[in-house]
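Asks: Before I ask anything, let me first share the structure, which is written out below as structure tokens.
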Amino acid sequence: MNKDQCFQIGYISKVHGLQGEVVIVLDVDYPEEYEDIQHLFIEQKSRLIPYFLEHFVLQPGNKVLAKFEELDRVEDVSPLVGSELFLPITELPKLDDDQYYFHELIGFEVIDETKGSIGNVEQIYDLQTQDLLGVTHMEKEVLIPIQDGIIQKVDKTEKKVHCRLPEGLLDIYLED
């Protein structure tokens, strides 16, 4: 399993108690959709290693109290603190027609309501401060914020992202 086939669900924030339990912080919109998972992939030395769960109990504030099989001591789980957690993309919950996952937008045509076709989405930048679409326009990469005021509609059937670009956004990227 490699990262291209997975999505990040969260990370291990700290050890809890003396019996090998950990606190996981989930980076998902609907934590309750993940309460029945039985395994996770943990990134270690740039590889994803599968770990099976004894329990995965939701806590307030996107946190989970979790216990991995065969890891029964603080010493077993301490090295995992700070590790990112992944699940295969095939395990993503199904969405309504008007919802989408960022990775689904790769290859979609971006159309501005006044400028027309800008280009195709080539990359998604999932940054802490903001998520961005990476689009090549006139041989230059343009970064378009994924925000409600900018992204007007995503048509999954026609593979198009309709947007209202902020005034001057393209000009910033096209200047020499």
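Asks: Name the residue, out of Tyr100, Tyr173, that is surrounded by 13 or more Cβ atoms within 10 Å (Cβ to Cβ), at pLDDT below 90 and more than 30 Å from His39 (Cα to Cα). Full working, then the answer.
Replies: On the way: Tyr100 fails: more than 30 Å from His39 (Cα to Cα).
None of the others qualify; the one that does is Tyr173.
Asks: Out of all the residues in segment 8-27, which are closer than 15 Å to Leu53 by Cα and either at pLDDT below 90 or of a type in the set (Asp, Glu) (or both)?
Replies: Selection gives Glu21 alone.
Asks: Still on this structure, I have one more. Please list, ordered by first then second residue, the pairs with beta carbon atoms under 9 Å, 6 or more apart or interchain, first in segment 7-30 and in the same structural domain as Asp126 (by TED's automatic domain parsing), second part of a strand (DSSP E or B) and hydroxyl-bearing (Ser, Thr, Tyr).
Replies: Sorted first by the residue in segment 7-30, then by its partner, the list stays empty.
Yes/no matrix, rows are residues, columns are (1) of a type in the set (Ser, Thr, Tyr); (2) free of Cβ contacts under 8 Å to residues at least 12 places away in the same chain; (3) assigned by TED's automatic domain parsing to the domain that holds Ile12; (4) out of contact with any Leu (no Cβ under 9 Å at 6 or more places or on another chain):
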residue: Ser46; (1), (2), (3), (4): yes, yes, yes, yes
residue: Ile49; (1), (2), (3), (4): no, yes, yes, yes
residue: Val74; (1), (2), (3), (4): no, no, yes, no
residue: Phe86; (1), (2), (3), (4): no, no, yes, no
residue: Ile111; (1), (2), (3), (4): no, no, no, yes
residue: Lys115; (1), (2), (3), (4): no, no, no, no
residue: Val121; (1), (2), (3), (4): no, no, no, no
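Asks: Take the residues in segment 107-131 that are of a type in the set (D, E, K, R) and under 20 Å from the mean Cα position of the chain (by Cα); name whichever of them is surrounded by the fewest Cβ atoms within 10 Å (Cβ to Cβ). Walk me through how you get there before you give the answer.
Replies: Quick first cut of segment 107-131, residues of a type in the set (D, E, K, R) only: 109, 112-113, 115, 122, 126, 131.
From the residues that got through so far, the ones that are under 20 Å from the mean Cα position of the chain (by Cα) too are 122, 126, 131.
On the way: Glu122: 12, Asp126: 14, Asp131: 14.
Among residues in segment 107-131 that are of a type in the set (D, E, K, R) and under 20 Å from the mean Cα position of the chain (by Cα), the one surrounded by the fewest Cβ atoms within 10 Å (Cβ to Cβ) is Glu122.
Asks: Also, I was wondering about something else. What strands (runs of 3 or more DSSP E) lie completely within segment 1-89 and have 1 or more residues being among the polar types (S, T, N, Q) and over 28 Å from Tyr125 (Cα atoms)? So that I can check it myself, show each step before the final result.
Replies: On the way: elements: 6-16, 21-26, 39-44, 47-59, 63-68, 84-88.
Those strands (runs of 3 or more DSSP E) span 47-59.
The values are calculated or read from the model by the stated rules, or taken from the named source; none is laboratory data. What you see is a predicted model, and the numbers here were worked out from it, not measured in a lab. As a convention, Cβ positions derive from the backbone with ideal geometry for all residues, glycine included, and neighbour counts pool all protein chains shown.
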